[in-house]
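Derivation of every value follows stated rules applied to the coordinates shown; laboratory data play no part. Small disclaimer: the values here were computed from a predicted structure and weren't measured. As a convention, Cβ positions derive from the backbone with ideal geometry for all residues, glycine included, and neighbour counts pool all protein chains shown.
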């Protein structure tokens, strides 16, 4: 638990450091990219699906997997689509 | 084998950090997205190995998992492919909702198995559920399905207080006595209700702050899910998103001159705290016609365009770029000054202009643009209001202290606007009555098109 907490706090600090360097121009793609990253909860959904054996458990696992997959796939695709629009010269 | 999986997780987390780092320039941002996606792919593959190796998963478990992933992927792909750039804030909100919802479900599933520690479960369920309904309401407001005006229920404060109390008492009991399905459900339901009652009273103009805040919430919920299932990769990824959301929330709140507390408590735009409305009669404004405005623009050396949400609402990004191109062909230098809250989410206007093929080298943020206004011949304000009001520089007005674009320091100003209507702050814009300002009353799209046509007729 304490080790997990250390990881959490240090990651927050890295996040602040890295993200404060992102220019305003890219704030919408940044938020969209951060959005895709929290799709990593799909790993949680997979672990959940591997451990349930009741109907209720299966329903929870299905919903979690569907939500997380929409988050991952949609997030990366739309971020990529947006970033393609940023060009230096026409 | 476990060591290998852990190493892959570490590599995934590294990819996320590097991916975000590459977002610090438009030239490398695309690569950053790919690096981040590669990290995601590796993390998922390692987890497939992990659950095969554990041997616990049932055949039904596989079927449910694959079906869920297939349904979610198709839905995500279709929405990401078809969304219009003006509707990005809604989509980001929806992804916040599903991310937070998935994090809450993972904790609920963990409680059903009777494992895990209580405190992270409580935090995960509470934050995840608030994010889920809160983001859905925010998306609904942005899409116009839910009234954008602040909706204040009678006794809302008492209801909110009661809901928070239920969440705190339930959460503490989970932390002290360990996970319990009934208490977890109570906390979850209270949090779902609180998500609705928290976002309903917030006005449409405050949405950039709300989306950023809910983004920070989602990240935190995912990090908590990492505590629940003991997965460092989730903790790292969640913390990164939490940090990003927090920074953007702070930037947006500062740019709107509002404290986070006053936004969440709500009531902006209801008029009760916007001070006495101006007592003196509206001073005369100088009106200009398309031909005169076109001559002013065509014979200038340096022009700055100030786009606001009105431009996006009228879908006039392409018209503004056409006008800029015609002027550039005449040798005029054109750039765009973009206020942080020009749009419905952080950086939204930049994306809308990029979609219209405006090169990002012409986009200036507020700090870059302000020192240059004094050397600018003409500023063309399209659909922006409060963020150009010089009244913000003196105390005693509803916009006082709000960071603004110093448009009034330019040699002359042309404002394209449909009427003399007020912005969200509900006060007169002193820029409009400034003698060097010409008001061109027109719809953004039609007005820009007529300016372009008029410039083209000049030799």
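The stretch between residue B:372 and residue B:74, if pulled fully straight at 0.36 nm per residue, gains 102.6 nm over its current Cα-Cα span. How tilted is helix B:207-228 with respect to the longest principal axis of chain B? Cα atoms for both, answer in degrees (0 to 90, nearest 10). In chain B, helix B:207-228 runs at an angle near 20 degrees to the longest axis. Sequence-distant contacts, meaning Cα pairs under 8 Å at least 6 residues apart, place the relative contact order of chain B at 13 percent. Measuring spread by the Cα atoms of chain B yields a radius of gyration and Dmax of 25.3, 82 Å.
Between residue B:59 and residue B:158, full extension at 0.36 nm per residue minus the direct alpha carbon distance yields a gain of 30.8 nm. From a point 7 Å beyond the Cα of residue B:52 in the direction of its Cβ, which residues of the stretch B:213-243 have a backbone N at a distance under 19 Å? Counting backbone N atoms under 19 Å from the label point, the list is empty.
Its DSSP H runs of at least 4 residues, each contributing -39,500 (n - 2.57), put the calculated 222 nm mean residue ellipticity of chain B at -20000 deg cm²/dmol, to the nearest 500.
Residues B:318, B:339, ranked from the fewest to the most other C-beta atoms within 10 Å, line up as B:318, B:339.
Here, the protein assembly as shown is characterised by an Rg to Rh ratio of 1.02, where Rg is the alpha-carbon radius of gyration and Rh the Kirkwood radius. For the stretch B:2-265, what is the Kirkwood estimate of the hydrodynamic radius, computed as the reciprocal of the mean inverse distance between distinct Cα atoms, to one decimal in Å? This gives a value of 19.5 Å.
Normalised by residue count, the stretch B:175-270 yields a Cα convex hull volume of 102 Å³ per residue. Grab the beta carbon distance between residue A:88 and residue B:400, set R0 = 45 Å, and tell me the FRET efficiency rounded to 0.05. That gives a FRET efficiency of 0.70.
By how many nm would the segment from residue B:292 to residue B:265 lengthen if fully extended, with 0.36 nm per residue of separation less the alpha-carbon distance?
Net length gain for the segment: 5.0 nm.
The value given for the stretch A:2-90 is a Kirkwood hydrodynamic radius of 15.4 Å, derived from the mean inverse Cα-Cα separation. The modelled label-to-label distance between residue B:250 and residue A:20, using points 7 Å beyond Cα along the C-beta direction, is 0.7 nm.
Calculate the tail of P(r) for the stretch B:377-448: the fraction of all Cα-Cα distances greater than 21 Å, expressed in %. Roughly 21 percent, once rounded to a whole number.
Working note: Cα atoms of the stretch B:144-208, range along each principal axis, descending, whole Å: 42, 21, 18. At an R0 of 22 angstrom, the distance between the Cβ atoms of residue B:411 and residue B:458 translates into a FRET efficiency of 0.65. Rg/Rh for the stretch B:1-147 (Cα atoms only, Rh after Kirkwood) is 1.00.
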